[in-house]
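Below is one structure, written out as structure tokens; the observations come after it.
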Amino acid sequence: TWTFGKVTAVAPSAPSDVTAAPGVRSASVSWSAPASDGGAPIGTYVVTATPVAASVPAGVSAPVRTATVTGSPASTSANVTSLVNGVDYTFTVKARNAVVSTYGPSSAPSDPVTVSAVPSGAPSPASSSSPPTGRARRGW
């Protein structure tokens, strides 16, 4: 707790409603601001991407990643990069206001999302209903 004049500020409460949309080696994460800012505007959020251990293939390194959002007030969305394709991640968010130097508690984790090697909405590879014949057709 910090007191400045007549204003007392404490760490904010946890952000809520964390959702994530997977991208290629990334995820777009959004959340709702904490119910209590602790008496001062939120100045920083830290988003943490945690791999779901059961989804990480043997021999693959999938470290925890973070993204920091700052502003006055800070935005309630972030893009977390350098994730491992094919791995499931959950995301949590914690906040710090402009006065107190400690973060409030982390949010509940998002539902898991699987980071993709193929961009969302990308066309699928061309397919043919007839097998290849080994012959090419030319026209002049």
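Tabulated data
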item: Lone unmet requirement of (1) more than 20 Å from residue 55 (Cα to Cα); (2) open to solvent by less than 60 Å² (accessible area, probe 1.4 Å); (3) at pLDDT 95 or above for residue 106; result: (2)
item: Residue tally, condition touching a residue at least 60 places away in the same chain (Cβ under 8 Å), open to solvent by 30 Å² or more (accessible area, probe 1.4 Å) and touching an Asp or Glu at 6+ places or on another chain (Cβ under 6 Å), over region 9-32; result: 0
item: Test: residue in region 51-73 that is more than 18 Å from residue 111 (Cβ to Cβ), in a loop (DSSP other than H, G, I, E, B), without any contact (Cβ under 8 Å) to a residue 24 or more places away in the chain and under 15 Å from the mean Cα position of the chain (by Cα); result: yes
item: Within region 33-60, tally of residues that are polar (S, T, N, Q) and either open to solvent by less than 20 Å² (accessible area, probe 1.4 Å) or more than 25 Å from residue 99 (Cβ to Cβ) (or both); result: 3
item: Contacts under 8 angstrom Cβ, first residue in region 78-102 being closer than 11 Å to residue 44 by Cβ and surrounded by fewer than 21 Cβ atoms within 10 Å (Cβ to Cβ), partner of a type in the set (Phe, Trp, Tyr) and at pLDDT below 95, 6 or more apart; result: 100/2
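The values are calculated or read from the model by the stated rules, or taken from the named source; none is laboratory data. For clarity, every value in this text was computed on a predicted model and none was experimentally measured. Backbone-built Cβ (ideal geometry, glycine too); neighbour counts: all protein chains shown. Ligands, DNA and RNA are stripped out before the accessible areas are found, and what is left, the full protein with its side chains, is counted by its heavy atoms. Shrake-Rupley method; radii C 1.70, N 1.55, O 1.52, S 1.80 Å.
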